[in-house]
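The values are calculated or read from the model by the stated rules, or taken from the named source; none is laboratory data. Only a predicted model underlies this, so the values are computations on that prediction, with no experimental measurement involved. Cβ: placed from backbone, ideal geometry, glycine included. Neighbour counts: every protein chain shown.
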């Protein structure tokens, strides 16, 4: 490959198309400029490339580099220092993303593995069908028929195991005769990733009705998951079917130097890459107007989940429905009337592009964000878990204390970094607001770095990491990530005012009381060695009452000392709760509003 | 900095309305190019294949999968009636009989030696698409549907529930700040599209539904009243499929908000005319707003239909769509090019405006909509 000095990458979101230009300067890849324009997949344009060109025009204006030629094509490779780019890449989540139904034999086993495969490939799951999901056959058939997904992933049976149940799933699909969401008259793509001995039986029943692809079993044995082949098939079908049906994507595909990747798939790639490069456990979130995506890598295991109806504009009322009004009100640092609050959220739903004008309005949206983040994280924890159904050899003595299978992989005490992105986190006016929302929603334990994606360029860096990992990693570290600083948060509870931790920095001992929140000055790039000595009921990673020594790093907020306890308990009394919230806002240097 | 998006809902006394009347699956288009269609005329038809119901035959008969064929009394392709014998076994010299009968009428489509199931597919269900508006077929999309075109007055609402309905417009109030209350509704309003001002109460909406009012058009509704009316909460704004007799279109938002004068006066001028109304709303991916369409009829000759391009410029008439000025009207007095710090702490693109009460204010551009002149 010729030397790559200039990279253009776009992400076509459901509302905005974002373009970034990366250039190699003094031997390092750096973000040069960014442009954006409204996405144009819908009438009157019906062509995604219009929005792409508009976003690239903005990049041209800001960079002074000529990128689009007289035929409205992206000039490649770069001709000189002021024209063209060496490679062009793109991701997309426009037009509703990739919508999938997954099916398996056992809900907690093969169907769950199928969910992980589909989510990991960037899909939104619209239903999970399992032989044992408790619904009657006709109910499942009705659902499959009504939903009109972009594709269906079927799984089930270990290799050499059940054939009959897979034939039943095929019969169910045959009965439903499902049609794809896009492309009237086309056959629905169905991926079979189940027991290899059932391929023939499955195919025999369904092959005339659907566009069938057969890949390796995603659960070849109870102890193993093999999600790679199913994910690759999903990605291929996404490009062949979904993208080709979306307006203008055929043209866009012909422009790019690698296949268009679904946006969440790309974000997952960059998270996996950095977790591996820095040997970290990472949690990342992208909270949008309609959906919230959560990504994690714990001990090398990557998991992605998407909560399709948790978001801050289109889906804001679904957060209200799922969380309940009380759970939203509990984070607002002033008194609110329930009816007013409900109407306010509804008005945001129907006018999703409006923004908070007053500080009080901002605090309300940030309260909803805490609940959306919390609910999406609960969902994530339920799916990021060890395989269920593994046989364990137990003795009588083990029966009482041996760990269950299917336990969550998410262990907050082992988490090294939380990365936030999406409007409410990336564009919060003050860095402390973003850090504060993430602390409340995730309740990190021990010592954890809090950071955000500066301008939401993780999708573009994700697709770049596939073709040029070095460039992707360099830009990620230098331009994408903005660190807020480490947070020290002991797990445990005590009575208000009791000392729960002593932190020693530069030989100076500082005692912290339960229920308090503090920020110590420590700037971007500055590090300190600290000894954290929790009292008897508190744990910072080494066990209750045991001290640890760690190197902490500051950031745009500083070193945060969160002594509010884990789990974080808010006062039940409204007046006391509001007073406490106001105290914490002040500690973080934030005005209350209201 | 991206292009500021300023949403504006259409409130037009005369515009060209094009409606794509599309089948969910390929089928037969019945209307032809240039044909005049009415709201209830069938313009396209198809059949949704029936659902297949499986009968666990081998299991019910207690036979081995591979022996099922010996017990069969039907073949693939056979048409069966309900309770028709599908398979049977006899034992003890024919004294003991096990039978499997058809649970539904249909066609035998599957006899599986993998599962021992027999699949019967129900007869296809016909689906018809109607004209919805009075107009002419401007385009036929073979096997999919037609585009019906008409010159009409059109009002887009901000949110709605309920599907397509038609009815004559009937004004219930004389001013846009008056709410609709229960006592204003009676049985004479069945099949009509009634118009109110600032709000419709939950009791009034229930009464309207009870007497089968076709549609209610009003400024706003309190969130809780809508939930009570529907019997469930709306989490995501995708509506139109609700099982209700009265379609609701709100023009301003949630709470109690006076209907914009322009909208109210237009509806008033259309009193007695036949309207097509649809509450279907989808705010995500492919925005659909609820609508009231009143075809003007071929006998009405007027100026050429031109939709004014709405531009955010000095002098433009705007309405604030978010607090602290929610619902207030004004005129744009300045459009500073540089982003400005607002009370929330964000730095965003703004406009300066003079409100109708004389106040001079700064508002984020994202928080206004342009009102067409």
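Inside the stretch A:148-180, residues that are facing chain B (nearest Cβ under 10 Å) and part of a loop (DSSP other than H, G, I, E, B) make up a count of 4.
Against the numbered list (1) more than 7 Å from every other protein chain (Cβ to nearest Cβ); (2) modelled with pLDDT under 95; (3) surrounded by fewer than 23 Cβ atoms within 10 Å (Cβ to Cβ); (4) in contact with a helix residue (DSSP H, G or I) (Cβ under 9 Å, 6 or more places away or on another chain), residue A:340 comes up short only at (4).
Identify the residue in the stretch A:25-40 that is free of Cβ contacts under 8 Å to residues at least 40 places away in the same chain and either buried (at least 20 other Cβ atoms within 10 Å of the Cβ) or part of a strand (DSSP E or B) (or both) and, among all such residues, is farthest from the other protein chains (Cβ to nearest Cβ). Per the criteria, the residue is A:25.
Table: residues versus (1) away from chain B (no Cβ under 14 Å); (2) in a helix (DSSP H, G or I).
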| site | (1), (2) |
| --- | --- |
| A:265 | yes, yes |
| A:270 | yes, yes |
| A:286 | yes, no |
| A:289 | no, no |
| A:297 | yes, no |
| A:305 | yes, no |
| A:309 | no, no |
| A:312 | no, no |
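For the stretch A:123-134, the condition of being in contact (Cβ under 8 Å) with a residue 60 or more places away in the chain, in contact with a helix residue (DSSP H, G or I) (Cβ under 7 Å, 6 or more places away or on another chain) and buried (at least 22 other Cβ atoms within 10 Å of the Cβ) holds for at least one residue.
The set of residues in the stretch A:350-372 that are under 28 Å from residue A:568 (Cβ atoms) and over 19 Å from the mean Cα position of the chain (by Cα) comprises A:356, A:358, A:359, A:360, A:361, A:362, A:363, A:364, A:365, A:367.
Residues that are assigned to a helix (DSSP H, G or I), within 14 Å of another protein chain (Cβ to nearest Cβ) and touching a strand residue (DSSP E or B) at 6+ places or on another chain (Cβ under 7 Å) occur at least once in the stretch B:202-223. Taking (1) at pLDDT 95 or above; (2) within 14 Å of another protein chain (Cβ to nearest Cβ) in turn, residue B:320 satisfies each apart from (1).
From the list B:217, B:148, B:141, the lone residue that is more than 26 Å from residue B:235 (Cβ to Cβ), touching a residue at least 60 places away in the same chain (Cβ under 8 Å) and surrounded by 21 or more Cβ atoms within 10 Å (Cβ to Cβ) is B:148.
Of the residues that make up the stretch A:63-76, is at least one within 12 Å of another protein chain (Cβ to nearest Cβ), surrounded by fewer than 16 Cβ atoms within 10 Å (Cβ to Cβ) and farther than 21 Å from residue A:458 by Cα? Within the stretch A:63-76 (the criterion being within 12 Å of another protein chain (Cβ to nearest Cβ), surrounded by fewer than 16 Cβ atoms within 10 Å (Cβ to Cβ) and farther than 21 Å from residue A:458 by Cα), the answer is no, since none of the residues qualifies. Among the residues of the stretch A:181-238, those that are free of Cβ contacts under 8 Å to residues at least 60 places away in the same chain, touching a helix residue (DSSP H, G or I) at 6+ places or on another chain (Cβ under 7 Å) and part of a helix (DSSP H, G or I) comprise A:198, A:201, A:202, A:205, A:206.
The strands (runs of 3 or more DSSP E) located wholly in the stretch A:467-574 that include 1 or more residues which are touching a helix residue (DSSP H, G or I) at 6+ places or on another chain (Cβ under 9 Å) and surrounded by fewer than 22 Cβ atoms within 10 Å (Cβ to Cβ) occupy A:481-489, A:516-520. Of all residues in the stretch A:301-328, those that are surrounded by fewer than 19 Cβ atoms within 10 Å (Cβ to Cβ) and under 16 Å from residue A:361 (Cβ atoms) total 0. Exactly one of these conditions fails for residue A:146: (1) free of Cβ contacts under 8 Å to residues at least 12 places away in the same chain; (2) within 21 Å of residue B:64 (Cβ to Cβ). Give me its number. Going through the list (1) free of Cβ contacts under 8 Å to residues at least 12 places away in the same chain; (2) within 21 Å of residue B:64 (Cβ to Cβ), residue A:146 breaks only (2). For residue B:248, are the conditions met, namely being within 14 Å of chain A (Cβ to nearest Cβ), in contact (Cβ under 8 Å) with a residue 60 or more places away in the chain and within 16 Å of residue B:166 (Cα to Cα)? Considered against the rule, which asks whether it is within 14 Å of chain A (Cβ to nearest Cβ), in contact (Cβ under 8 Å) with a residue 60 or more places away in the chain and within 16 Å of residue B:166 (Cα to Cα), residue B:248 comes out as yes. What do you reckon, is residue A:439 buried (at least 23 other Cβ atoms within 10 Å of the Cβ) and in a helix (DSSP H, G or I)? Judged against the criteria, residue A:439 is a match. Suppose the filter is more than 14 Å from chain A (Cβ to nearest Cβ), under 15 Å from the mean Cα position of the chain (by Cα) and surrounded by fewer than 16 Cβ atoms within 10 Å (Cβ to Cβ); does residue B:243 pass it? Yes, satisfied.
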